Amino acid sequence: MITSFCIEWHNWGDITPVYHVATETTKVFRRKKLLTTGQYNDIGNAFITTSIPLSQEKCDYLFSLIDTIVSEASGKGYMQKICDGYYWRLLIRHSDKHVQMIEGTTIAPNTACELELAIRDILHSERYMGRPHLFGIC
């Protein structure tokens with residue numbers, strides 16, 4: 001069973017000023033029913049962070065999308081050579097403590113867009129002030 005997941009988004013641009021988002025981390029925890037997110041610059045200073053409690057229904061929906069992504073991504077690669085752009089990594093923690101990693105650049109599993117939109121809707125409903133970067137495909 002999947003217990004939590006983390007979406008990391010990294011700006012792989014040639015030059016990232018300290019006032020631009022260089023990294024974003026979004027985590028969802030099944031047991032705690034909690035979504036956390038933060039945007040950071042190149043030197044690790046946070047621009048904006050938040051924690052949002054989730055209803056059981058929203059939590060179950062997000063984890064059902066992750067289950068779909070895991071089955072969709074089986075044996076597929078999403079890394080493309082890029083000189084300037086972004087990189088995402090999805091870390092999926094299972095109840096047996098192993099962590100599965102799916103990563104990519106400008107492409108992602110089909111269900112990733114649905115997951116991104118669902119997380120954006122949750123953040124928007126909580127009046128999140130940032131512009132979320134998750135997979136960068138929606």
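The values are calculated or read from the model by the stated rules, or taken from the named source; none is laboratory data. Bear in mind that the values here come from a model prediction, so they are computed numbers and not experimental data. Because the Cβ atoms are built from the backbone with ideal geometry, glycine has one as well, and the counts that use them run over all protein chains shown. Only protein heavy atoms, including side chains, enter the accessible area calculation; ligands, DNA and RNA are left aside. Shrake-Rupley method; radii C 1.70, N 1.55, O 1.52, S 1.80 Å.
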Within the set of pairs 6 or more residues apart or between chains, which connect a residue that is over 19 Å from TRP12 (Cα atoms) inside segment 32-47 to a residue that is open to solvent by 60 Å² or more (accessible area, probe 1.4 Å) and of a type in the set (D, E, K, R) with Cβ atoms less than 7 Å apart?
-> THR36/LYS27
Could you run through segment 61-104 and say how many residues are farther than 21 Å from GLN39 by Cβ and aromatic (Phe, Trp, Tyr)?
-> 3
Mind checking which residues of segment 63-85 are on the phi > 0 side of the Ramachandran plot and either of a type in the set (S, T, N, Q) or in contact (Cβ under 8 Å) with a residue 12 or more places away in the chain (or both)?
-> GLY85
Does LEU91 satisfy the condition of being on the phi < 0 side of the Ramachandran plot, outside any loop (DSSP other than H, G, I, E, B) and touching a Phe, Trp or Tyr at 6+ places or on another chain (Cβ under 8 Å)?
-> yes
When segment 93-128 is checked residue by residue, the ones that are open to solvent by 10 Å² or more (accessible area, probe 1.4 Å), of a type in the set (A, V, I, L, M), closer than 22 Å to SER55 by Cβ and touching a residue at least 24 places away in the same chain (Cβ under 8 Å) are ALA118, ILE122
When the residues of segment 1-32 are filtered to those that are modelled with pLDDT of 85 or more and over 16 Å from the mean Cα position of the chain (by Cα), which remaining residue is nearest to LEU123 (Cα to Cα)?
-> LYS32
Can you name every residue in segment 70-92 that is open to solvent by 60 Å² or more (accessible area, probe 1.4 Å) and within 14 Å of the chain's Cα centre (by Cα)?
-> ARG89
Checking PRO132 against (1) out of contact with any helix residue (DSSP H, G or I) (no Cβ under 6 Å at 6 or more places or on another chain); (2) within 15 Å of CYS6 (Cα to Cα); (3) in contact (Cβ under 8 Å) with a residue 40 or more places away in the chain, which single condition isn't satisfied?
-> (1)
Across segment 41-60, what is the number of residues that are more than 19 Å from ASP121 (Cβ to Cβ), open to solvent by less than 70 Å² (accessible area, probe 1.4 Å) and not aliphatic (A, V, I, L, M)?
-> 2
